[in-house]
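Here's the structure, in structure tokens; my notes come after.
Each reported figure results from applying straightforward, stated rules to the coordinates on display, with no laboratory input. Remember, it's a predicted structure, so these values are computed and weren't measured experimentally. Don't worry about glycine lacking a Cβ; one is built from the backbone with ideal geometry, like all the others, and counts go over all protein chains shown.
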Amino acid sequence: MSEPIISFRGAVKEFPGRGRVGRRSAGVRAVDGVTLDIAAGEIFGVIGYSGAGKSTLVRLVNALETTTAGSVVVDGTDLTGLSEARMRPVRAGIGMIFQQFNLLRSRTVAGNVAYPLEVAGWSRADRDARVAELLTFVGIADKAASYPSALSGGQKQRVGIARALATNPRILLADEATSALDPETTADVLALLQRVNRELGITVVVITHEMEVVRSICHRVAVMERGRVVELGDAYQVFSDPQQDVTRRFVASALRDRPSPAVLRRLRGRHPGRIVTVRIDEVSGSSAQVMEVLADRGVHGTIVYGGITEVAERPYGSLTLELGGDEAAVSAALDGLHAVTAVVDHGTVAAPAAEGNDR
Amino acid sequence: MRPDLVPLLWDAFGQTLYMVLITLAVGGFFGLLLGLGLYLTRPGNLLANRPVFAVLNVAVNIVRPVPFLIFLVALGPLTRAVVGTTIGIEAFTFAMCVMASFVFARLVEQNLVSIDPGVIEAARAMGASPLRIVRTVVVPEALSPLILGYTFLFIGVLDMSAIAGYLGGGGLGDFAIQYGYRQYDWAVTAIVVVIIIVIVQLVQWLGNTLARRALRR
């Protein structure tokens with residue numbers, strides 16, 4: 001891993017409890033001892049259910065919140081104990097986009113993008129040139145004079161991204177940036193974030209509760225639960241070998257390639273033969289290997305369920321097959337499949353295997 | 001109405017205008033400051049400060065519900081200290097300014113509370129200072145309701161000016177009482193009422209138009 005651009009060391013953020021002095025309820029530990037390095041140039045995902053502390057964690061990076069214990073070092077600057085005035089330049093050097101876009105309704109698209117440049121003290125002419133350049137980059141140059149109320153959600157987020165990139169930050173924080181968008185627009189915005197990362201070399205930290213977002217753009221991912229990072233790794237590795245229950249639930253939500261018990265019952269109704277699910281990925285087996293094994297053993301494989309998609313731009317998924325052929329051949333084919341990939345044997349209608357959906 | 005009353009009516013109109021415009025200017029300015037103070041120091045906001053918020057909040061709550069007629073009299077000592085006298089239009093205009101400031105403060109605060117906190121967070125994330133956020137985000141984002149609040153203030157101030165004018169000897173209110181009510185000349189009273197209605201309609205129309213322009217949607 002290259003040099004970390006963001007380092008959390010035992011970072012804690014505790015919000016004081018509500019209530020009067022003397023009857024004060026216990027505080028809430030939104031972030032509870034997080035130690036984490038985010039490398040320069042990567043797209044890093046932080047996933048968790050709402051209330052897991054991910055939004056607070058990302059706000060520690062641009063000092064919208066300050067740690068109550070531990071430290072956060074961003075681009076060589078230790079944010080611990082920095083005064084409000086000293087934090088402003090740190091914030092200005094980090095772009096941020098939001099779920100609800102948070103555009104100024106009183107300003108045009110161009111005016112919104114110019115805002116951080118005004119804060120940074122750019123001259124009028126420099127601002128105008130930079131705004132035009134940014135709006136072209138995000139693909140909404142024709143909307144410069146429109147007000148945000150006239151834009152669609154996807155266009156608003158493009159304005160948000162242009163605004164966040166205005167001052168050439170090294171880090172872009174995306175807080176549920178696609179959660180208010182429809183699937184198609186989500187894909188567009190994610191593709192734009194990927195361009196931001198690739199073409200401009202900006203480190204992107206993506207906060208999300210949608211595993212789909214992690215699946216399509218993140219290089220690495222941290223899974224958060226109750227203020228802690230419970231799982232951390234390459235996105236592909238976390239998908240293919242999740243360790244925690246919460247991670248398994250997220251993975252299952254993004255990949256619907258495995259038959260549920262109900263689906264399996266219907267499959268058995270249609271396909272009386274031996275049904276197996278084989279994993280298709282880079283680590284274990286490819287579909288070519290699977291087909292080769294079946295051909296070798298003289299077994300006919302019918303694909304009855306499943307799908308292969310990409311995780312972190314690498315193939316991943318599973319296929320559910322009905323195996324046709326004599327019993328000895330099918331059994332030999334199963335041994336062969338076990339040798340190349342992970343296999344779940346569902347048995348036949350006559351002799352169903354215990355319903356396991358182990359991933 | 002007797003023709004010789006017309007110049008007097010004009011004088012009364014001028015006096016009302018004087019009281020109302022000064023009060024709107026001074027009360028608008030200090031009301032905006034007080035209202036911003038209330039909004040910014042509210043717990044959880046940009047300059048959260050519980051003691052300051054509590055003091056401002058209580059001050060507004062004490063002044064606002066007092067009937068203006070009583071407030072006018074009760075403020076006497078302060079009025080004497082500032083204006084030098086407790087009677088006359090000037091003295092009562094001072095009391096109007098004070099009352100209008102507190103009334104407008106609450107109106108401003110109520111309109112600012114509706115601003116999306118996310119927009120303020122976005123400005124903070126871009127490194128803007130609190131003062132800049134007030135100037136470039138808080139006020140512009142709430143401009144439309146602020147204009148409507150200011151229009152509402154105008155009508156309240158016009159109401160106050162009738163009472164202040166009557167006690168201070170001037171303005172449309174005083175004119176309606178002196179030459180209408182006391183002389184059983186209902187035409188005078190009616191004319192004054194019509195003038196006031198026309199003024200209020202015009203101002204409300206102006207306020208609505210400006211607020212709509214500021215809305216941007």
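Roughly what would the spin-label model give for B:GLN204 and A:ARG198, points 7 Å off Cα along C-beta, in nm?
That separation, rounded to one decimal, is 6.1 nm.
For A:ASP188, project a label point 7 Å along Cα to C-beta. Then give me every residue of the stretch A:82-122 with its amide nitrogen under 19 Å of that point.
The answer is A:97-103, A:109-110, A:113, whose backbone nitrogens lie closer than 19 Å to the label point.
Using the Cα centre of the stretch A:261-347 as origin and beta-carbon charges of +1 (Lys, Arg) and -1 (Asp, Glu), tell me which of A:LEU337, A:VAL290, A:LEU323 is placed farthest towards the positive end of the dipole.
Selected residue: A:LEU323.
Within a 10 angstrom radius of the beta carbon, how do A:GLU231, A:GLU184 rank from fewest other beta carbons to most?
If I rank by nearby Cβ atoms, fewest first, I get A:GLU184, A:GLU231.
What residues of the stretch B:118-146 lie in the reach of a label at A:SER149, counting those whose backbone N is under 19 Å from a point 7 Å from the Cα along Cα→Cβ?
B:118-120, B:137-146
Mind jotting down a quarter of the surface of the convex hull over the alpha carbons of the stretch B:3-215, in square nanometres, one decimal?
Here the figure is 13.3 nm², rounded to one decimal.
What are the residues whose amide H is under 5 Å from the amide H of A:TYR305, where those residues sit 5 or more places off or on another chain and H is modelled from the backbone?
Under 5 Å from the amide H of A:TYR305: A:THR320.
Taking other Cβ within 10 Å of each residue's Cβ, how do A:VAL330, B:VAL194, A:VAL283 sort, fewest first?
Result, fewest neighbours first: B:VAL194, A:VAL283, A:VAL330.
Using the 2.2 N^0.38 Å rule of thumb for compact globular proteins, work out how the stretch A:261-347 stacks up: its C-alpha Rg over that value, please.
Against the compact-globule rule of thumb, the ratio is 1.05.
Considering only the other residues whose Cβ falls under 14 Å of the Cβ of B:GLN110, what net charge follows from Lys and Arg at +1 and Asp and Glu at -1?
In short, +2.
Rounded to the nearest 0.05, what FRET efficiency is calculated for B:ILE62 and B:LEU21 with R0 set to 35 Å and r the Cβ-Cβ distance?
The pair B:ILE62/B:LEU21 has a calculated efficiency of 0.85.
Kindly express, to the nearest 10 degrees and within the range 0 to 90, the angle between helix A:109-119's C-alpha long axis and the longest C-alpha principal axis of chain A.
Taking the Cα atoms of chain A, the angle to A:109-119 is about 60 degrees.
Using r as the Cβ-Cβ distance of A:ALA350 and A:ALA252, and R0 as 30 Å, what FRET efficiency do you calculate, to the nearest 0.05?
Taking R0 as 30 Å, the efficiency between A:ALA350 and A:ALA252 is 0.55.
If you bin the C-alpha pair distances of the stretch A:63-204 every 10 Å from 0, what whole percents do you get?
Reading upward from the zero bin: 12, 40, 34, 13, 1.
As a footprinting exposure proxy, order B:TRP186, A:TRP122 by other Cβ within 10 Å, with the fewest listed first.
With the fewest neighbours first, B:TRP186, A:TRP122 line up as B:TRP186, A:TRP122.
Per 5 Å bin from zero, what fraction in whole % of the C-alpha pairs of the stretch A:34-114 is there, up to the bin with the longest pair?
With a bin width of 5 Å, the distribution comes to 3, 11, 21, 22, 18, 15, 8, 2, 0.
Suppose R0 equals 56 Å; then what is the FRET efficiency for A:ARG266 and A:THR77 from their Cβ-Cβ distance, rounded to the nearest 0.05?
The formula returns an efficiency of 0.45 here.
Take the Cα of A:ASP241, step 7 Å along the line toward its Cβ, and report every residue of the stretch A:279-296 whose backbone nitrogen sits under 12 Å from that point.
Those under the cut-off are A:283-284.
Which three lengths, in whole Å and largest first, does chain A cover when its Cα atoms are put on their principal axes?
79, 58, 37
Roughly what % of DSSP beta bridges within the protein assembly as shown run antiparallel, to the nearest 5?
70 percent
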